[in-house]
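Asks: Here's a structure for you.
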Amino acid sequence: MSSGVVDVRIDPSLPDGVQHLAEILKRGIVDGSIDPFHRLISSQDGALRNDGNQWYSPEEILHMDWLCDCVEGSIPTFDQLLPMSQAMVRLQGVYRDRIPPEKEGTLL
């Protein structure tokens, strides 16, 4: 988030206090005073992903292929992504080695 690549959208229909709290949390994550990943974390399948004693590196966070048990939803498949997102996933995605190539050749 500090690089500006990832952001959080705050729905304007939320109450003002909730929007303000979300902005405070966002600033804390950006400036490093809040680390949402340094805690007990289980994934949706029930696997313990962090016992609360480890810190995830930015690389580990970028390559997460699972969602926390408190998150509703799922990670979209490659085909469900917008074309502009598909291009980024081809370069940096978690499963980039399993994505069908756009043209013949080896994956760099």
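Asks: Criterion first (free of Cβ contacts under 8 Å to residues at least 60 places away in the same chain and assigned to a loop (DSSP other than H, G, I, E, B)) does Ile10 satisfy it?
Replies: When the stated conditions are applied, Ile10 passes them.
Asks: Assuming Asn53 fulfils every condition listed in (1) surrounded by 10 or more Cβ atoms within 10 Å (Cβ to Cβ); (2) part of a loop (DSSP other than H, G, I, E, B) apart from one, which condition is it?
Replies: Evaluating Asn53 over (1) surrounded by 10 or more Cβ atoms within 10 Å (Cβ to Cβ); (2) part of a loop (DSSP other than H, G, I, E, B) leaves (1) as the failure.
Asks: For region 76-93, how many residues are under 15 Å from Asp65 (Cα atoms) and of a type in the set (Gly, Ala, Ser)?
Replies: Number of matching residues: 1.
Asks: Now for a separate question. Write out, first by first residue and then by second, each pair whose Cβ atoms fall under 6 Å of each other, whose residues are 6+ apart or on separate chains, and whose first residue, in region 33-44, is aliphatic (A, V, I, L, M) while the second is not in a strand (DSSP E or B).
Replies: Within 6 Å, the pairs are Ile34/Gly28; Leu40/Gly52.
Asks: From the list Ser33, Ser42, pick out the single residue that is in a loop (DSSP other than H, G, I, E, B), small (Gly, Ala, Ser), more than 12 Å from the chain's Cα centre (by Cα) and farther than 30 Å from Glu102 by Cα.
Replies: Testing whether each residue is in a loop (DSSP other than H, G, I, E, B), small (Gly, Ala, Ser), more than 12 Å from the chain's Cα centre (by Cα) and farther than 30 Å from Glu102 by Cα leaves just Ser33.
Asks: Quick check on my filter: what residues within region 56-95 are under 24 Å from Gly32 (Cα atoms) and outside any helix (DSSP H, G or I)?
Replies: Tyr56, Ser57, His63, Met64, Asp65, Trp66, Leu67, Cys68, Asp69, Cys70, Val71 - these are the residues of region 56-95 that are under 24 Å from Gly32 (Cα atoms) and outside any helix (DSSP H, G or I).
Asks: Which one is farthest from the chain's Cα centre (by Cα) among residues in region 9-30 that are of a type in the set (Asp, Glu) and surrounded by fewer than 10 Cβ atoms within 10 Å (Cβ to Cβ)?
Replies: Only one residue fits best here, namely Asp16.
Taken together, the values in this text are just the output of simple stated rules run on the coordinates, not laboratory data. Because the structure is predicted, anything quoted here is derived from the model rather than measured. Virtual Cβ from ideal backbone geometry, glycine too; neighbours counted across all protein chains shown.
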